[in-house]
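Chemist: Attaching a single structure in structure tokens format; questions to follow.
None of the figures in this text is laboratory data; all of them are computed from the coordinates on show. Note that the structure is a prediction, hence the values are computed from the model and not measured. Every residue, glycine among them, receives a Cβ derived from its backbone with ideal geometry; neighbour counts consider all protein chains shown.
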Amino acid sequence: MEEAIVLYPSPPIGHLISMVELGKLLLTQKPSLSIHILITSVPYDSGSTAPYIANVAATIPSIKFHHLPTVTLPSTKTTHHEELTFEVLRLSNPHVREELLSISKNYTIHGLVVDAFCCAALSVAKELNIPGYHFSSSGAGVLALFLYFPTIHNTTTKSLKDLKSLLHIPGVPPIPSSDMPIPVLDRDDKSYENFLDSSRSFPESAGIVVNTFASLEARAVKALSEGLCVPNNRTPPIYCIGPLIATAGPKDDAGTRNGTTLECLTWLDSQPVGSVVFLCFGSLGLFSKEQLREIAFGLERSGHRFLWVVRNPPSDKKSVALSARPNIDLDSLLPEGFLDRTKERGLVLKSWAPQVAVLNHPSVGGFVSHCGWNSVLEAVCAGVPLVAWPLYAEQRLNRIFLVEEMKLALPMNESDNGFVSSAEVEERVLGLMESEEGKLIRERAIAMKIAAQAALNEGGSSRVAVSQLVESYKEITTTPSHAR
Ligand code: UDP
């Protein structure tokens, strides 16, 4: 029987992309494998995945997609996207079971690899005697923190939002409790429970695959591999196999969304080397109209060239696109005359940019990012320094790691209500592009790009970890009960 690995990403496109890249990586290590990816859908805009999936399915026959039936959400009225995601994925378990059984008619399944939101499916894997692996689509620092989260939970009865202290977690700098991911700030929040359950499931897995590389997060990787983050040294094997980034895909999506792909790359062709600041905030990031105007003023006053992806503001003051509103009217969103005054040195894109291509364009010299982990790795692989402006999920942690540990970014500092002034935008753009500090960060970014390549090359740390991962499939898999 043919051998298969089943990958189960949560719906946002960033998670899907890194799982697809994981599938491709496993195929380079073992071309005879068959990779099966389970796809679920959620009741919010998680980035259009259909063109991307079609493209991968058409170009890599060994990767097969299985669309699970849409589940009906019962009573939940939450608009919290993390809670919705957990709920949808939990309800999808019977479909996961059916799909695994169906795949196992033709393949021996060596592993089910889930991301943090899909951990409920590990119980299905256990029932079917399929080894369950976690895939941490964020970095080693965030993984250290999630593995340590149950310990934090046991040492206080307060919500993290009320703790007002520094958390000391092995392998990472001290973390202000308020910088923990928003869904775990409130102990009474359903998401807190969801993430706690997810964290508790990590040590139970057959292994944890992490999208990072050893020299990017040396201290966190060391703490993880020494088992310091889980009591009684119950850390399963850790495989740091990154950086996994999309080499192509979303840009095809961009072409169909707004037809600006070519326009923006052609525009970049006409700009001087290293001169353009790119501003882009992931698949879900949104700003209020006031914040968009403040960014515009800051960019204008900085005098720098820029390429800026702008979306419509949210209807409910959130910084996450639960329902992205199309038909962007830039003239009414941005300050009067802004587009005209900056047309010689700036380009505003509606909704989406071909980010990987943009970051790798020689004209791009800096990246103002929401610090989603894929965006971080894409910047690292392109050797582009960042300004870290976190918006949601674990991004505030990534800002700390980027600024304090990796030294690849300047922080964007917001006021207590989360607002960033035009003066701050201006100062940070100038700091990144012109200051001595910016120069050091740039040099470090270039060095880290070389280190990333080295990790992936023959004999590099990530290459070794992938072969160990594939070896582990052989060791763990006995005769799965589903195949009997
Ligand atoms: N992306 C893109 N164009 C955009 C916005 C996002 O190509 O305008 C891609 C980006 O390159 C990355 C992914 O979408 O691969 C976003 O993932 P990330 O982890 O950075 O953030 P998330 O969207 O999950 O918050």
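Chemist: Please turn the phi angles of segment 373-378 into ³J(HN,Hα) values with the Karplus equation 6.51 cos²θ - 1.76 cosθ + 1.60 (θ = phi - 60°), one per residue in order, whole Hz, x for glycine and proline.
Modeler: Result, rounded to whole Hz: 5, 4, 5, 4, 5, 5.
Chemist: Right, next: Given points 7 Å out from each Cα along the Cα-Cβ axis, report the residue 415 to residue 329 separation in nanometres with one decimal.
Modeler: 2.8 nm
Chemist: Can you give the relative contact order of the chain as a percent, counting alpha carbon pairs under 8 Å and 6+ residues apart?
Modeler: Taking the mean separation of contacting Cα pairs over the length of the chain, I get 16 percent.
Chemist: Here is a further query. From the phi of every residue in segment 216-222, what ³J(HN,Hα) in whole Hz does the Karplus formula 6.51 cos²θ - 1.76 cosθ + 1.60 yield, where θ is phi - 60° and glycine or proline is x?
Modeler: Using θ = phi - 60°, the values come out as 6, 10, 3, 5, 5, 4, 5 Hz.
Chemist: With +1 assigned to the C-beta of every Lys and Arg and -1 to the C-beta of every Asp and Glu, and no other charges, what is the dipole magnitude of segment 1-110 about the Cα centre in debye, to the nearest 20? Before the final figure, lay out each step's value.
Modeler: On the way: 7 positive and 9 negative charges, 36 e Å.
Computed charge dipole of segment 1-110: roughly 180 debye.
Chemist: Another question, if that's okay. Tell me which residues come under 5 Å, amide H to amide H, from residue 37 once H is placed; ignore anything under 5 positions away on its chain.
Modeler: When sequence neighbours closer than 5 places are left aside, the close amide H contacts are 7, 64, 65, 66.
Chemist: Fully extended, how many nm does the chain gain between residue 2 and residue 91 (0.36 nm per residue separation, minus their Cα-Cα distance)? Can you show the working numbers first?
Modeler: Working: separation 89, 0.36 × 89 = 32.04 nm, distance 2.95 nm.
Taking 0.36 nm per residue and subtracting the Cα distance, the gain is 29.1 nm.
Chemist: Quick query: amide H of residue 209 versus all other amide H atoms, modeled in the peptide plane; which residues come in under 5 Å with a sequence gap of 5 or more or a different chain?
Modeler: The list, which skips near neighbours in sequence, is 134, 135, 136, 239.
Chemist: On to the next question. Between residue 127 and residue 50, what is the spin-label point distance in nm, taking each point 7 Å from the Cα along the Cα→C-beta axis?
Modeler: 3.2 nm
Chemist: Pop out the ³J(HN,Hα) list for segment 294-299 in order, Karplus 6.51 cos²θ - 1.76 cosθ + 1.60 with θ = phi - 60°, rounded to Hz; leave Gly and Pro as x.
Modeler: 5, 4, 4, 4, x, 5
Chemist: For Cα pairs less than 8 Å apart in space and 6+ apart in sequence, what is the mean separation divided by the residue count of segment 259-452, i.e. the relative contact order in percent?
Modeler: 26 percent
Chemist: For residue 447 and residue 197, what is the calculated FRET efficiency with R₀ set at 41 Å and r taken between the beta-carbons, to the nearest 0.05?
Modeler: So, using R0 = 41 Å, E works out to roughly 0.55.
Chemist: Give me the one-decimal nm value for the distance between modelled label points at residue 164 and residue 458, 7 Å along each residue's Cα-to-Cβ direction.
Modeler: Distance between the two pseudo-spin positions: 6.0 nm.
Chemist: Give, rounded to the nearest 20 debye, the magnitude of the charge dipole that the chain has about its Cα centre when Lys and Arg contribute +1 at Cβ and Asp and Glu contribute -1 at Cβ.
Modeler: Using Cβ point charges on Lys, Arg, Asp and Glu, the chain gives about 560 debye.
Chemist: While we're on this one: For the chain, take every pair of Cα atoms, bin their distances at 20 Å starting from 0, and report each bin as a whole percent.
Modeler: In whole percents, the pair-distance histogram is 24, 59, 17, 0.
Chemist: Roughly how many Å is it from the Cα centre of segment 275-315 to that of segment 328-401, as a whole number?
Modeler: 7 Å
Chemist: OK, next. What residues qualify as long-range amide H neighbours of residue 305, i.e. H under 5 Å apart, gap of 5 or more or another chain, H built at 1.01 Å from N?
Modeler: 277
Chemist: OK, next. Ranking 407, 343 by Cβ neighbours within 10 Å, fewest first, what do you get?
Modeler: 343, 407
Chemist: If you don't mind, there's one more thing I want to ask. Take the chain, mark every one of the GluC sites (Glu not before Pro) that falls in a DSSP loop and has at most 16 other Cβ within 10 Å, then report the longest stretch left between them, sites excluded. Let's see the in-between values first.
Modeler: On the way: sites that count: 226, 336, 344, 414, 458.
The answer is 1-225.
Chemist: Alpha carbons only, please: Rg and Dmax for segment 259-452, in angstrom.
Modeler: Looking at segment 259-452, its Cα Rg and Dmax stand at 15.3, 45 Å.
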